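Asks: Below are the structure tokens for one structure; questions will follow.
The values are calculated or read from the model by the stated rules, or taken from the named source; none is laboratory data. The shown structure was predicted, so the numbers you read here are calculated from the model rather than taken from an experiment. Quick reminder, even Gly has a Cβ in these numbers, built from the backbone with ideal geometry, and neighbours come from all protein chains shown. For accessibility, only protein heavy atoms count, side chains too; no ligands or nucleic acids. Shrake-Rupley method; radii C 1.70, N 1.55, O 1.52, S 1.80 Å.
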Amino acid sequence: MRIDYHSHVLPCIDDGSSSPEESVSILKQSAKQGVSLMLATPHFYFHQHKDADDFLAARSASQQTLDSYIEKTGCKSEIPRLLMGAEVHMSPEVASMPDLEKLCIEGTNYILLELPFQPWSPWVYQSVFEIISRHNLQPILAHLERYLPMNNDNLPKLLSMEVYIQVNADSVCGLFTFRDIRKLYNSGLPLLIGSDVHNLNVRKTHFGKAVKKAERVFGSEFFERTENIGKTFANILKKE
């Protein structure tokens with residue numbers, strides 16, 4: 001099963017898909033590129049949403065709009081399955097949220113975290129540690145390769161914690177960014193590919209191309225490392 005671990009496919013909730021029509025087109029493109037399960041991870045910003053429930057209400061409304069359009073068009077068999085989640089932007093307040101687990105990918109304790117796009121301050125490491133130890137959640141660090149140029153020396157400290165690494169398909173496909181992907185792969189941790197798709201134009205999905213390159217360069221071990229987390233999501237789908 002091929003899983004897209006990061007997407008903005010839900011309509012009209014963030015800077016991703018602008019309509020249910022665009023969402024279905026994205027889903028169909030993803031299916032053609034081999035995706036069978038897609039994690040819908042709209043942005044969560046602490047300063048924007050009053051709390052997790054406020055965000056979940058907006059996400060539910062978006063999901064219902066998409067589900068209605070899928071039912072109307074009869075395209076359910078042509079698109080990947082969806083699991084709801086969030087891309088949680090890290091700020092100093094996030095680790096103190098009493099209901100942080102509500103932002104996990106549904107049915108799991110995995111939470112997709114977007115770290116600050118700047119040199120990391122001590123609070124970042126402390127927050128990730130608290131999310132693991134106090135909330136008992138499993139962080140997936142979104143597009144970690146983006147932060148390497150400004151945090152290269154700090155990476156071992158972060159990776160010493162129990163984290164998964166999500167990398168963007170465009171970075172896997174890129175000529176220069178692939179050097180950072182190789183560095184993360186050499187850490188020995190699993191790398192989860194996410195399209196981070198936002199639309200059909202400038203931020204479309206290149207998931208299939210990224211999978212082929214990863215298989216060609218790294219071989220079967222690349223995806224063998226992700227088998228355990230993949231089984232977790234497969235079991236969730238079996239229960240539905």
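Asks: Please work out how much accessible surface K209 shows to a 1.4 Å probe, ignoring ligands, DNA and RNA, in Å² rounded to 10.
Replies: Solvent-accessible area, nearest 10 Å²: 130 Å².
Asks: Excluding A61 itself, what net charge comes from residues whose Cβ is under 12 Å from its Cβ, given Lys and Arg +1 and Asp and Glu -1?
Replies: Details: positive: R59; negative: D54, D67.
That works out to -1.
Asks: If you count, for each residue, the other Cβ atoms within 10 Å and average over each peptide, how do 37-43, 220-226 line up from highest to lowest?
Replies: Taking the mean over residues of other Cβ atoms within 10 Å, the ranking is 37-43, 220-226.
Asks: Return the percentage of antiparallel bridges among DSSP beta bridges fully within the chain, rounded to the nearest 5 %.
Replies: 0
Asks: Between E101 and N152, what FRET efficiency comes out of the Förster formula 1/(1 + (r/R0)^6) with R0 = 25 Å and r the beta carbon distance, rounded to 0.05? Could the numbers behind the result be given before it?
Replies: Values: r = 32 Å, r/R0 = 1.27.
That gives a FRET efficiency of 0.20.
Asks: Between M161 and K239, 0.36 nm times their residue separation minus their Cα-Cα distance comes to what? Numbers along the way, then the final one.
Replies: Values: separation 78, 0.36 × 78 = 28.08 nm, distance 3.04 nm.
So the chain would gain 25.0 nm between M161 and K239.
Asks: Still on this structure, I have one more. Excluding D170 itself, what net charge comes from residues whose Cβ is under 15 Å from its Cβ, given Lys and Arg +1 and Asp and Glu -1?
Replies: +3
Asks: Given axes a ≥ b ≥ c from the Cα gyration tensor, I'd like to know whether region 136-240 is rounded (a/c under 1.5), prolate (a/b larger than b/c) or oblate.
Replies: Because its axes are fairly even, with a/c under 1.5, region 136-240 counts as rounded.
Asks: May I pose another question? Run the paramagnetic zone check for F117: 7 angstrom along Cα to Cβ, then residues of region 192-218 with backbone nitrogen under 15 Å.
Replies: 196-198, 203
Asks: What does the net charge come to around S220 if you take all other residues with beta carbon closer than 15 Å to its beta carbon, with K and R at +1 and D and E at -1?
Replies: Working: positive: R2, K212, K213, R216, R225; negative: E215, E221, E224, E227.
Net of charged neighbours comes to +1.
Asks: If you plug each phi of region 152-163 into the Karplus form 6.51 cos²θ - 1.76 cosθ + 1.60 with θ = phi - 60°, what whole-Hz ³J(HN,Hα) values come out, in order, with x for Gly and Pro?
Replies: Coupling constants for region 152-163: 4, 6, 8, 4, x, 4, 6, 6, 6, 8, 7, 10 Hz.
Asks: Taking the Cα centre of the chain as origin, sum charge times position over the Cβ atoms of Lys and Arg (+1) and Asp and Glu (-1), and report the length of that vector in debye to the nearest 20.
Replies: Result for the chain is approximately 880 debye, rounded to the nearest 20.
Asks: Using the Karplus curve 6.51 cos²θ - 1.76 cosθ + 1.60 with θ = phi - 60°, what ³J(HN,Hα) values do you get for each residue of region 46-59, in whole Hz, with x for Gly and Pro?
Replies: Taking θ as phi minus 60°, the curve returns 4, 6, 9, 9, 4, 6, 4, 5, 4, 5, 5, 5, 5, 5 Hz for region 46-59.
Asks: Rounded, prolate or oblate: which fits region 50-148, taking a ≥ b ≥ c as square roots of the Cα gyration tensor eigenvalues, rounded meaning a/c under 1.5, else prolate when a/b beats b/c?
Replies: prolate
Asks: By its C-alpha gyration tensor, with a ≥ b ≥ c as the square roots of the eigenvalues, how is the chain shaped: rounded for a/c under 1.5, else prolate for a/b larger than b/c, else oblate?
Replies: In terms of gyration-tensor shape, oblate.
Asks: Extending each Cα 7 Å along its Cβ direction at K231 and A57, get the distance between those two points in nm, one decimal.
Replies: The two pseudo-label positions are separated by 4.1 nm.
Asks: Let me spell out the model: positive unit charges on the Cβ of Lys and Arg, negative unit charges on the Cβ of Asp and Glu, origin at the Cα centre of region 119-240. What dipole size does that give, in debye rounded to 20?
Replies: 300
Asks: Can you send over the solvent-accessible area of C12, 1.4 Å probe, protein chains only, in Å² to the nearest 10?
Replies: C12 has an accessible surface of roughly 100 Å² with all protein chains in place.
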